[in-house]
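**Q** Starting off with a structure, shown below.
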């Protein structure tokens with residue numbers, strides 16, 4: 001079980017993660033062209049494999065920071 005400090009730290013990390021996701025979304029929207037769609041290099045970034053990698057890295061980071069007792 002996590003203590004109050006651990007929960008607060010975890011909440012802070014997720015808040016930062018959400019802020020970063022919003023910034024990335026705003027940056028990506030600059031590349032979107034309504035008549036052409038997304039450029040190939042942006043599509044490559046949004047491929048499911050990349051999401052899986054990001055998720056796996058996040059899980060490893062959280063497991064390292066908050067190991068189970």
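Bear in mind that the values in this text are calculations on the coordinates, not laboratory data. Remember, it's a predicted structure, so these values are computed and weren't measured experimentally. When we count neighbours, we look across all protein chains shown, and the Cβ atoms used for this are built from the backbone with ideal geometry, even at glycine.
**Q** For the pair residue 33/residue 53, report the inter-label distance in nm, with labels modelled 7 Å from Cα in the Cβ direction.
**A** Taking the simple label geometry, residue 33 and residue 53 are separated by 2.6 nm.
**Q** With a point put 7 Å past each Cα toward its Cβ, work out how far residue 21 is from residue 65 in nm, to one decimal.
**A** Once both label points are built, they end up 1.5 nm from each other.
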